[in-house]
Amino acid sequence: YVKSTTHKYRDIAKNDLQAALDIWETLNDCENQIAMAHDHLGYILMDSESTYSSSKEHLTKAMYMRKSFVESNPTETNLSEYSTTCDNLGYLFYKSGEKIDKSRELLEEALSIREKLYDSSERYATDVAWTAHNLGQLLSKNVKCYGEAEIYFRKALDIRRKLEKLHPQMYTTNIVFTLVSLAKVISINTKRYNEAQQLLDEAITLKSNIDLDYIGFFPDEVEKDIQTLSARLNGSK
């Protein structure tokens, strides 16, 4: 899973996780590890449209397993892990354009759980930021929801900036994702082009200082968004 957070080792991570899953499935009393492997593998398989179906299969298995864990024993850990899979599966449905209503339902459920956990411990801050960002992404598919999407993006950005101050460079890639997403939403209003340009400039500057091979993984769609947004804003000058 650590490898999956980098460009250099992303593909190798898939092989490692599949190997781990195969081993755990041969052992007794490893349901939690099996669910974890399904979740991790499903998460990184959503990188490509060609593996969306496999991603959905793994994440769906993880979700039902983790939901049953919560129903039988609603501990903080079980709730946290279940919310992670809800977040991942909801994001997959957003990316694939499949079951948009279900995507929102899953992401809102994940956010509800994570915000309650965050109330009790700061260590859940990054989880809240991720789901808020993902909800913003989903809502930004509909122009009528841009205002709501901006609220979620700003929530994610505020949390990530605070975390970055506490742990320099650990959250830089996440801040870049959020800045780009927020700039896209804001740029729909031509009167806010300057604001969008400032956000984009900050994102590009931060990204230039990241060692992508080891520290950050940037999905193709983020790279495309940066290029498209740059062209749109520069074209207005």
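The values are calculated or read from the model by the stated rules, or taken from the named source; none is laboratory data. Bear in mind the structure is a predicted one, so any value in this text is a computation, not a measurement. A quick note on method: Cβ atoms are made from the backbone with ideal geometry, for glycine too, and the neighbour counts reach across all protein chains shown. Each accessible area value is taken on the protein alone, full model and side chains, heavy atoms only, with ligands, DNA and RNA left out. Shrake-Rupley method; radii C 1.70, N 1.55, O 1.52, S 1.80 Å.
Accessible area of region 132-237 with a 1.4 Å probe: how many percent of it is carbon plus sulfur? The partial results should precede the final answer.
Numbers: 2880 of 5660 Å².
Heavy-atom surface of region 132-237 belonging to carbon and sulfur, 1.4 Å probe: 51 percent.
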May I ask you to give the solvent-accessible area per residue for region 1-153, in square angstrom, as obtained with a 1.4 angstrom probe?
50
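Kindly state, to the nearest 0.05, the FRET efficiency for ASP101 paired with THR60, given R0 = 22 Å and r defined as their beta-carbon distance. Mind showing how you got there, number by number?
Numbers: r = 16 Å, r/R0 = 0.75.
Computed FRET efficiency for ASP101 and THR60 comes out at 0.85.
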Okay, helix-only estimate at 222 nm for the chain: each DSSP H run of n ≥ 4 adds -39500 (n - 2.57), divide by all residues, round to 500 deg cm²/dmol; what do you get?
-25000 deg cm²/dmol
For the chain, whose charge dipole is built from +1 on Lys and Arg Cβ atoms and -1 on Asp and Glu Cβ atoms, the candidate among TYR146, THR26, HIS7 with its Cα farthest towards the positive end is TYR146
Would you give the gap between the C-alpha center of region 75-122 and the C-alpha center of region 1-68, rounded to a whole Å?
17
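Figure the gain on full extension for LYS8 and GLU164 (residue separation times 0.36 nm, minus the Cα-Cα span) and round it to one decimal in nm. Kindly include the intermediate steps, with their values, before the conclusion.
Details: separation 156, 0.36 × 156 = 56.16 nm, distance 2.33 nm.
Full extension from LYS8 to GLU164 adds 53.8 nm.
Name the shape class, rounded, prolate or oblate, that the alpha-carbon gyration tensor gives for region 121-233, where a ≥ b ≥ c are the square roots of its eigenvalues, rounded holds for a/c under 1.5, and otherwise prolate holds if a/b is larger than b/c and oblate otherwise. Can you show the working numbers first?
Details: a/c = 1.81, a/b = 1.22, b/c = 1.48.
Note, shape of region 121-233 comes out oblate.
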In degrees, nearest ten, helix 220-235 long axis to first principal axis of the chain (Cα)
10
Hey, could you pull the Cα Rg and Dmax for the chain, both in Å?
18.1, 64
For region 20-145, the dipole about the Cα centre with charges only on Cβ (Lys and Arg +1, Asp and Glu -1), to the nearest 20 debye, works out at 500
What's the carbon and sulfur percent of region 1-118's accessible surface, probe 1.4 angstrom, rounded to a whole number?
50
For helix 52-72, what angle does its Cα long axis make with the longest principal axis of the chain, in degrees from 0 to 90 and rounded to 10?
60
